Amino acid sequence: MAVALRGGVVAGFLFLLILTECKARIHKLTLKNETRVLVPLNSFGFYPNGTLDVNLLALRLFEQDSVNHSDFPVGFSLSRSRVSGVLSYTAEQPATCPLKSKTSPNNEPLIIFLIDVKRLQVNVTVVGEQDNILTAKRKDQRKRRDVPPEGGAPLQPVNNAEHASSQDKNEGDSGNQKKDSQTDQKAIPAEDETPFDLNKTKSFVLALNRMENSYNFSFHLKVGLVAQGLYNLNFHYCQNLATRNMLPYSFAVEVTEKNPGGCYLSAAEIPLSRLYIGMAGVFFTAALVWVYTLMKHRYSVFKIHWLMAALAFTKSTSLVFHSINYHFINTEGHPIEGWAVMYYITHLLKGALLFITLALIGTGWAFVKYILSDKEKKIFMIVIPLQVLANVAYIIIESTEEGSSEYSMWKQILFLVDLICCGAILFPVVWSIRHLQEASSTDGKAAMNLEKLKLFRHYYVMIVCYIYFTRIIAILLKITMPFQWQWCYEFLVEVSTLIFFVLTGYNFRPASNNPYLQLPQDEEDVEMDEVVTESGALEGISKVKKTSNGRDRQKESTL
């Protein structure tokens with residue numbers, strides 16, 4: 001009861017947390033007094049004609065007079081991961097400043113934005129073959145409209161028309177671009193913005209605006225057919241690589257990413273809404289079949305069978321809300337608070353019910369005994385709060401921007417707690433196996449105990465395989481798939497969960513011929529033997545008798 005009360009308090013806290021902070025694909029991140037060298041802003045899979053809008057609202061660099069930004073630059077990097085999606089360019093050389101690199105592995109697309117606060121400009125360097133189009137405000141564009149960028153080809157707009165010096169010509173070019181791309185309004189350059197073909201222009205200078213003590217600039221990127229893929233946007237402050245005294249900085253940034261058709265989801269996330277609603281239907285059907293089986297064999301049904309039914313229905317409901325949540329993120333760019341709250345609540349209940357059910361089945365509660373031992377009670381006191389904490393960590397990660405300082409901490413907590421829970425859930429099964437091994441060699445019901453022992457061993461293997469596949473194998477498959485197929489990771493996890501549920505229900509189904517549920521009926525057959533090993537070579541065997549209610553026990557010494 002105490003555990004359930006604490007779970008209710010945590011659920012209420014999460015309800016208030018989610019109402020005030022929900023993760024969106026229109027990212028808004030504000031960092032104050034930050035000292036990290038690398039701030040990962042976001043990862044997103046772009047299809048051709050996908051768009052990226054980055055608006056640096058306010059960048060404050062403290063002690064900038066004592067910092068040589070030529071040797072230790074500050075700025076952004078936009079890099080494409082390899083096809084495998086294992087490592088991005090910025091993760092391969094953590095000891096050096098990526099902003100000073102002039103090459104990229106395997107000729108992958110890379111764009112570097114060096115912020116020069118003294119000259120009030122942003123130096124852009126393009127590395128690798130790419131057909132992206134970047135639109136931004138060029139420095140001194142009105143005064144030097146016909147001057148080519150430093151070290152690059154002359155600037156060309158998207159429609160390859162030359163910029164004219166008159167205002168009428170600019171308006172005509174903008175009108176032609178609007179006809180070519182009516183669905184993407186932000187692809188139309190403003191009056192003071194210039195489109196850069198990154199296949200021809202490898203370096204150019206953008207304008208950096210200053211307002212009091214902060215700096216700001218923005219750019220719009222349209223992804224081409226050749227350069228589609230999984231991109232990582234990062235902020236770098238390389239000065240803190242070479243000094244022990246970390247210099248603080250602050251900035252606020254808005255990032256909006258879209259795929260063709262107005263989709264705010266990454267390429268790997270677009271199919272998830274349909275996947276979750278489809279799997280919800282499958283789990284709901286499996287739950288109905290399970291309830292039908294319970295009603296058909298009602299005289300062999302135990303309380304834990306209904307708990308398994310509740311788990312299946314909760315899993316189905318959680319997937320429904322998960323699908324709705326992704327649908328609104330895809331269409332609106334942010335979740336609807338009410339649907340997000342319902343998803344997080346059902347996800348929390350599903351996680352708690354799953355580990356409670358696994359632990360109860362593993363201890364043999366309600367099947368072969370009616371009370372839990374002290375060791376088994378301790379497992380529940382440890383696993384259930386840890387599982388609630390793991391779900392809290394998951395929800396906080398979902399509602400936190402990737403670039404925030406807390407994101408990495410809660411991600412590590414989630415991984416660690418999840419592994420502890422998965423390991424702890426195996427102990428009740430191991431104890432039951434040891435008990436059946438000892439009982440099969442000491443009492444007169446060896447054949448029945450051996451059957452139960454085989455079933456427990458199969459159940460142990462099932463749990464190990466399920467944990468190993470969903471925590472290790474599926475993740476390895478995810479990082480080796482192309483970016484647009486990484487949704488298969490979620491598909492594999494859901495299918496493996498369904499198979500695990502079905503096999504568990506089949507093995508422990510309420511049926512008269514199930515060896516696990518064949519409880520003795522006679523008063524004398526209710527006796528169960530327990531082996532108690534003492535120190536030295538002596539062994540004591542005590543015979544246990546159950547009373548009519550099956551809960552009070554009386555021991556007789558058999559020595």
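The values are calculated or read from the model by the stated rules, or taken from the named source; none is laboratory data. On a predicted model such as this, the values are computed, not experimentally measured, just so you know. Neighbour counts are summed over all protein chains in view; Cβ atoms, including those assigned to glycine, are modelled from backbone coordinates with ideal geometry. SASA here: full protein model, heavy atoms, side chains in, ligands and nucleic acids out. Shrake-Rupley method; radii C 1.70, N 1.55, O 1.52, S 1.80 Å.
Relative contact order (percent) for region 271-517, with alpha-carbon contacts under 8 angstrom and 6 or more residues of separation?
About 21 percent, as a whole number.
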Exercise for review: Towards the positive end of the charge dipole of region 271-517, with charges on Cβ (+1 Lys, Arg; -1 Asp, Glu), say which of HIS334, VAL383, HIS297 has the farthest Cα.
Suggested key: HIS297
Review point. When the dipole is taken about the Cα centre of region 388-488, and only Lys, Arg (+1) and Asp, Glu (-1) are charged at their Cβ, what size is it in debye, to the nearest 20?
Key: 500
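About the Cα centre of region 271-517, how large is the charge dipole given +1 on each Lys and Arg Cβ and -1 on each Asp and Glu Cβ? Please answer in debye to the nearest 20.
Working: 19 positive and 14 negative charges, 227 e Å.
Around 1080 debye, computed over region 271-517.
Express the relative contact order of region 297-409 as a whole percentage, based on alpha carbon pairs under 8 Å and six or more residues apart in sequence. Before the final figure, lay out each step's value.
Details: 70 pairs, mean separation 28.5, N = 113.
Rounded, it is 25 percent for region 297-409.
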Review point. Hey, what do the phi angles of region 312-318 turn into as Karplus ³J(HN,Hα) couplings, whole Hz, using 6.51/-1.76/1.60 and θ = phi - 60°, x for Gly and Pro?
Key: 5, 5, 5, 4, 5, 5, 4
Review point. How many nm separate the modelled label positions at LYS28 and LYS378, each set 7 Å beyond the Cα in the direction of the Cβ?
Key: 5.0
**Study point:** Integer Hz, Karplus 6.51/-1.76/1.60 couplings in order for region 263-277, x for Gly and Pro
**Key:** 7, 8, 8, 5, 4, 6, 9, 4, x, 5, 4, 5, 4, 5, 5
Study note, to complete from the structure: Between LYS100 and ILE499, the two model label points (7 Å from Cα along the beta-carbon direction) sit apart by a distance in nm of 5.0
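Pairs LYS28/LYS258; LYS315/LYS378; LYS350/LYS378: which are spaced more than 18 Å apart, C-alpha to C-alpha? Walk me through the numbers before you get to the answer.
Working: LYS28/LYS258 15 Å; LYS315/LYS378 26 Å; LYS350/LYS378 21 Å.
The answer is LYS315/LYS378; LYS350/LYS378.
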Practice item. Would you list the P(r) distribution for region 223-366, with all Cα-Cα distances sorted into 10 Å bins from 0 and each bin expressed as a whole %? Key: 10, 24, 23, 19, 14, 8, 2, 0
Point to revise | Hypothetical label at TYR506: residues of region 284-323 whose amide nitrogen lies under 11 Å (7 Å Cα-Cβ projection) | key: none
Check your understanding: For region 271-517, which whole percent of the accessible surface, found with a 1.4 angstrom probe, sits on carbon and sulfur atoms?
Key -> 69
Study note, to complete from the structure: Stokes-Einstein D for region 271-517 (10 °C, 1.306 mPa s, Kirkwood Rh from Cα pairs), in µm²/s, comes to 81
Exercise for review: Give the residues of region 413-431 whose amide nitrogen is closer than 12 Å to a point set 7 Å from the Cα of ILE475 in the direction of its Cβ.
Suggested key: 413-420
Review point. Around LEU57, which amide H atoms from residues at least 5 apart in sequence, or from another chain, sit under 5 Å from its own amide H, with H modelled in the peptide plane?
Key: ALA252, VAL253, GLU254
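If you count, for each residue, the other Cβ atoms within 10 Å and average over each peptide, how do 28-37, 280-289 line up from highest to lowest? Could the numbers behind the result be given before it?
Values: 28-37: 15.1, 280-289: 16.8.
Highest to lowest by the protection proxy: 280-289, 28-37.
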